[in-house]
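What follows is a short report on a single structure.
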Amino acid sequence: MLGIGRGSREGVMSLEASIKNCGRTKQWSVALRLLREGLRLGVQLVPGHYIAIASACRKGGQWQHALSVLSDMWKAKLEPNVIFFSYNAGISACEKGEQWQRALALLSEMWEAKLELDVISYSAGISACAKGEQWQRALALLSQMWEAKLEPNVISYSASISACEKGEQWQRALALLSEMWEAKLEPNVISYSAGISACEKGEQWQRALALLSEMREAKLEPNVISYNAGISACAKGEQWQRALALLTMAAGPGAAERDAGGEAGAQRHHYNAAICASERCSQWRHAFSLLRVMRERHVETNDISYNLCITAYERSSRNLAGLSCYRCIGLSRFRVSCGALSVWEPAGEPL
């Protein structure tokens with residue numbers, strides 16, 4: 001497979017280069033096959049092989065294999081400073097695999113082995129805690145960074161803010177954003193988006209909009225998460241006009257390019273959040289108008305879209321039979337959403 005001689009220097013270098021290339025292209029399974037083939041051919045493993053395979057597992061989110069590589073490195077009696085790099089890869093792999101307990105266990109192992117943790121080690125651990133919704137542990141790690149005379153970077157803070165957002169700790173999220181400015185660190189889109197999401201969960205629509213405004217002042221383009229959280233915050237605050245204004249911005253020029261790299265159905269999320277704001281304020285006409293715009297712009301609708309419109313109509317204390325006038329926007333979907341309603345009579349109520 002490798003076409004190399006047993007134990008040759010060329011074989012060692014070729015194997016390491018091949019594994020590194022697999023890591024860059026996230027082909028962790030190929031990297032493991034190369035390693036096994038190298039062993040079969042008698043290639044003597046060097047630290048570079050272990051580090052390369054651990055990195056490939058990290059990028060592929062293969063935490064089990066990353067931990068196995070770490071175990072093999074200890075068995076091979078490699079120097080701790082060599083193993084250090086694979087520990088960081090292992091913690092990052094656990095973060096990607098949403099294994100926060102194992103990530104913290106690796107950090108503990110590093111302390112016990114007298115390995116000096118760096119910013120990458122801590123940041124990966126904080127990210128793992130954020131994904132595991134362990135905001136207290138994330139903030140504890142951030143505090144330990146300062147105690148260890150390490151300066152947290154934007155990644156460290158962004159992950160901590162995300163942990164607070166998942167833990168519905170909007171005050172702490174905003175405090176961390178303030179800390180970033182004090183530390184001369186400029187929050188990025190991820191930092192702001194996590195902060196806006198935290199405000200949305202805390203039903204703090206004014207603060208969510210203030211952060212969106214700060215983003216634009218900082219010449220940062222809000223992403224799918226930023227806009228969706230902002231619109232949802234307005235919905236929870238029954239600020240339907242502001243929700244519609246944000247939707248106009250989110251669906252404006254450049255939306256397709258911006259949303260292409262985000263979650264599938266991003267535009268639908270924006271519209272549904274705006275419809276939700278209209279529904280909460282009994283603005284049924286605006287809700288139906290948004291539904292019609294979705295269809296005209298070929299934005300995929302779902303049951304949430306239709307059910308929100310029905311609820312908005314119900315809130316307005318109107319006869320449900322009036323829904324028949326909206327055949328043009330797809331009453332068949334309404335019948336699916338409201339199976340109990342099988343008869344639709346015209347009411348002649350225009351948008």
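The values are calculated or read from the model by the stated rules, or taken from the named source; none is laboratory data. Just so you know, these numbers come straight off a predicted model, no measurement behind them. Backbone-built Cβ (ideal geometry, glycine too); neighbour counts: all protein chains shown. Calculation scope for accessible area: heavy atoms of the full protein, side chains included, ligands and nucleic acids excluded. Shrake-Rupley method; radii C 1.70, N 1.55, O 1.52, S 1.80 Å.
Go through the stretch 258-277 and count every residue that is modelled with pLDDT under 85 and out of contact with any Asp or Glu (no Cβ under 8 Å at 6 or more places or on another chain).
Residues flagged as modelled with pLDDT under 85 and out of contact with any Asp or Glu (no Cβ under 8 Å at 6 or more places or on another chain) within the stretch 258-277 amount to 6.
Only one of these is part of a helix (DSSP H, G or I), farther than 14 Å from residue 198 by Cβ, among the small types (Gly, Ala, Ser) and touching a Phe, Trp or Tyr at 6+ places or on another chain (Cβ under 8 Å): 156, 123. Name it. Walk me through it before giving the result.
Working: 123 fails: touching a Phe, Trp or Tyr at 6+ places or on another chain (Cβ under 8 Å).
So the residue among 156, 123 that is part of a helix (DSSP H, G or I), farther than 14 Å from residue 198 by Cβ, among the small types (Gly, Ala, Ser) and touching a Phe, Trp or Tyr at 6+ places or on another chain (Cβ under 8 Å) is 156.
Within the stretch 156-173, work out how many residues are among the aliphatic types (A, V, I, L, M) and more than 13 Å from the chain's Cα centre (by Cα).
Residues of the stretch 156-173 among the aliphatic types (A, V, I, L, M): 159, 161, 163, 173.
Adding the requirement that they be more than 13 Å from the chain's Cα centre (by Cα) leaves 173.
Total satisfying the criteria: 1.
Considering only the stretch 186-195, I want to know if a residue exists there that is under 30 Å from residue 116 (Cβ atoms), outside any loop (DSSP other than H, G, I, E, B) and open to solvent by 70 Å² or more (accessible area, probe 1.4 Å).
As a first pass, look at the stretch 186-195 and keep what is under 30 Å from residue 116 (Cβ atoms): 186-188, 190-191, 194.
Of the ones still in play, those that are also outside any loop (DSSP other than H, G, I, E, B) are 190-191, 194.
When the remaining residues are screened for being open to solvent by 70 Å² or more (accessible area, probe 1.4 Å), the result is 190.
Within the stretch 186-195, one or more residues are under 30 Å from residue 116 (Cβ atoms), outside any loop (DSSP other than H, G, I, E, B) and open to solvent by 70 Å² or more (accessible area, probe 1.4 Å).
Determine, yes or no, whether residue 143 is more than 16 Å from residue 130 (Cβ to Cβ), in a helix (DSSP H, G or I) and open to solvent by 10 Å² or more (accessible area, probe 1.4 Å). Working first, answer last.
Working: more than 16 Å from residue 130 (Cβ to Cβ): no; in a helix (DSSP H, G or I): yes; open to solvent by 10 Å² or more (accessible area, probe 1.4 Å): yes.
It is false that residue 143 is more than 16 Å from residue 130 (Cβ to Cβ), in a helix (DSSP H, G or I) and open to solvent by 10 Å² or more (accessible area, probe 1.4 Å).
Which is open to solvent by 40 Å² or more (accessible area, probe 1.4 Å), out of contact with any Gly (no Cβ under 8 Å at 6 or more places or on another chain) and hydrophobic (A, V, I, L, M, F, W, C), of 180, 249? Before the answer, list the steps.
Details: 180 fails: open to solvent by 40 Å² or more (accessible area, probe 1.4 Å).
Sole residue among the options that is open to solvent by 40 Å² or more (accessible area, probe 1.4 Å), out of contact with any Gly (no Cβ under 8 Å at 6 or more places or on another chain) and hydrophobic (A, V, I, L, M, F, W, C): 249.
Please specify each residue of the stretch 284-328 satisfying the condition of being at pLDDT 80 or above and of a type in the set (D, E, K, R).
285, 292, 295, 296, 297, 300, 303
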